[in-house]
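Taking it in order: structure first as structure tokens, then the write-up.
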Amino acid sequence: MYDFVTNPVSDAKSSYKYKDMYDRNPDVPDGIVPLSIADMEFIIAPEIREGIGKYLADRTLGYTFASEDYYEAVIEWMQKRHSYHLEKEWIAPSDGVVTAIGDLILSVTKPGDGVIVFSPSYRPFRRAVDIKARKLVDIPLIFDENGYRIDFEAFEEAAKEISNKLLIFCNPHNPVGRVWTKEELQRVCDICLANDVFIIDDEIHNDLIMPGITHTVMSTISGEASMNMAVCTAPSKTFNLSALQTSNIIIKNQEVRDKFIGSRLEGFRSGTNALGMEACRLAYRSCEKWLDECIAVIADNATYVRDFFAKNMPEIKALPLEGTYLLWCDFRAWGLSDNELENFMVKKAYIFADEGYVFGASGSGFERLNLACPENVIRDTMERLLRARNKYIYK
Ligand SMILES: Cc1ncc(COP(=O)(O)O)c(C=O)c1O
């Protein structure tokens, strides 16, 4: 059994999540753990900690490229965990996924082209489209009593528009927690192929699939579809290695791959991170069991929150968590504005989640809770929420 109980040392001196908490409320009492930004409050897997120590014992940190052993570890992981067959040359080791998305936008579109995004959506997708001077085409997901689904009619209309050249797709979807079915993926691929829309398939959360849910790597849908996409993978969410900024961008289409590598070189980003690659290699080689235990803890936390809401505040709904460790919760029943809800959370309940509006207009009234933390943190958070709700909302 691994340790998913001990709180790691994180503070406002260097952790974005903690800094954000104190920025939002400098008077927050001691001992509060924020549930925002997507990193984990678990201590790192011992295999990675000890392996990095050994790696550093007899090596330098000079300029380093990906070793054969590194590629093998990535290929084996993708085959074993995802039934996803890779050839070495399709893998472009890269720094962060967001950086790679920026480079991919440059590689497959030109200024003014439309980029389709399904909202609510991870904010850096929209920011990257803006920064690279492309046009954001927002297609909100449909949300009803059955949960979230893609608005295929609106999507197809948008794909037919000749200037819309790219879809940034997210599977599992941050923030709504959906793992798209094979049928949904097939439809997305078909529409994109029929209309010459390239796909950036962000699968950074694809190892974090909840028990009973099946995830399909989009590229496995068909040979034709696999040539029309770049699949963004990384060990960062899975093993809490975000600070090492290491990803593997898988691009089967050689023309696109060459452009992607070219745009990295243009930005003077030819290097890779030696410690990031070693941590990725160690994780993929030796941390599968750690991951399985981690997923079980996240799933238990999700069940705890859902049950807690059902029992104590039935007006609040947590959407089913199919993948990621980010629980999307609907607080609209309280009838608060975005400002009022945020103010209640950070000033009254001392809960530092990600506000729904950050994910676009359709996220208004929702909160995204990060469940990758010890169970006692989730229990404390829920108790605080209930106390504040009874004091200020239902007086
Ligand atoms: C969907 C998605 N893509 C990318 C990232 C960030 O990736 P990176 O830190 O590798 O840039 C995140 C982080 O939360 C994410 O949720």
Tally the residues that are open to solvent by 50 Å² or more (accessible area, probe 1.4 Å) and of a type in the set (A, V, I, L, M), restricting the search to region 222-262. 3
Go through region 139-173 and give me each residue that's within 16 Å of the ligand (Cβ to nearest atom) and in contact with a Ser or Thr (Cβ under 9 Å, 6 or more places away or on another chain). Leu141, Leu166, Ile168, Cys170, Asn171, Pro172, His173
Of the residues Ala302, Ala310, Ala296, Ala279, which single one is outside the structural domain of Gly147 (by TED's automatic domain parsing) and open to solvent by less than 30 Å² (accessible area, probe 1.4 Å)? Ala302
Which members of region 192-239 meet the condition of being part of a helix (DSSP H, G or I), within 15 Å of the ligand (Cβ to nearest atom) and over 21 Å from Ile150 (Cβ atoms)? Ser236, Lys237, Thr238, Phe239
Arg127: passes all of (1) closer than 18 Å to Gly363 by Cβ; (2) within 16 Å of the ligand (Cβ to nearest atom); (3) in contact (Cβ under 8 Å) with a residue 24 or more places away in the chain but (3)
So, of the residues in region 1-16 that are in contact (Cβ under 8 Å) with a residue 60 or more places away in the chain and open to solvent by 40 Å² or more (accessible area, probe 1.4 Å), which turns out to be farthest from Ser36 (Cα to Cα)? Met1
Flag for Asp11 being outside the structural domain of Pro374 (by TED's automatic domain parsing) and either within 16 Å of the ligand (Cβ to nearest atom) or in a loop (DSSP other than H, G, I, E, B) (or both): yes
Do you know which of the residues in region 334-372 that are on the phi > 0 side of the Ramachandran plot and open to solvent by 50 Å² or more (accessible area, probe 1.4 Å) is nearest to the chain's Cα centre (by Cα)? Tyr350
Name the helices (runs of 4 or more DSSP H) wholly within region 240-350 that hold at least 1 residues that are over 30 Å from Ala388 (Cα atoms)? 254-266, 274-286, 288-312
List, please: which pairs have Cβ atoms under 8 Å, are six or more places apart or on different chains, and start with a residue in region 105-122 that is acidic (Asp, Glu) and end with one that is not in a strand (DSSP E or B)? Asp113/Arg134; Asp113/Ser163
Going by the structure shown, is Lys19 within 20 Å of Pro124 (Cβ to Cβ), without any contact (Cβ under 8 Å) to a residue 40 or more places away in the chain and either in a helix (DSSP H, G or I) or more than 16 Å from the ligand (Cβ to nearest atom) (or both)? yes
Does region 367-384 include one or more residues that are of a type in the set (Ser, Thr, Tyr) and either farther than 16 Å from Phe309 by Cβ or in contact with a Ser or Thr (Cβ under 7 Å, 6 or more places away or on another chain) (or both)? no
Considering residues that are in contact (Cβ under 8 Å) with a residue 24 or more places away in the chain and either charged (D, E, K, R) or under 24 Å from Ile295 (Cα atoms) (or both), the number found within region 156-179 is 15
Go through the residues of region 184-204 one by one and say whether even a single one is modelled with pLDDT of 95 or more, among the basic types (Lys, Arg) and either outside the structural domain of Ser83 (by TED's automatic domain parsing) or over 29 Å from Asp300 (Cβ atoms) (or both). yes
Please go through region 91-143 and give me each residue that is among the charged types (D, E, K, R) and under 24 Å from Tyr70 (Cβ atoms), ordered by number. Asp95, Asp103
Give the residue, chosen from Glu87, Glu50, that is under 29 Å from Asp258 (Cβ atoms) and open to solvent by 70 Å² or more (accessible area, probe 1.4 Å). Glu87
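The values are calculated or read from the model by the stated rules, or taken from the named source; none is laboratory data. What you see is a predicted model, and the numbers here were worked out from it, not measured in a lab. Don't worry about glycine lacking a Cβ; one is built from the backbone with ideal geometry, like all the others, and counts go over all protein chains shown. When the accessible area is computed, the model is the full protein with side chains, heavy atoms only, and any ligands, DNA or RNA have been set aside. Shrake-Rupley method; radii C 1.70, N 1.55, O 1.52, S 1.80 Å.
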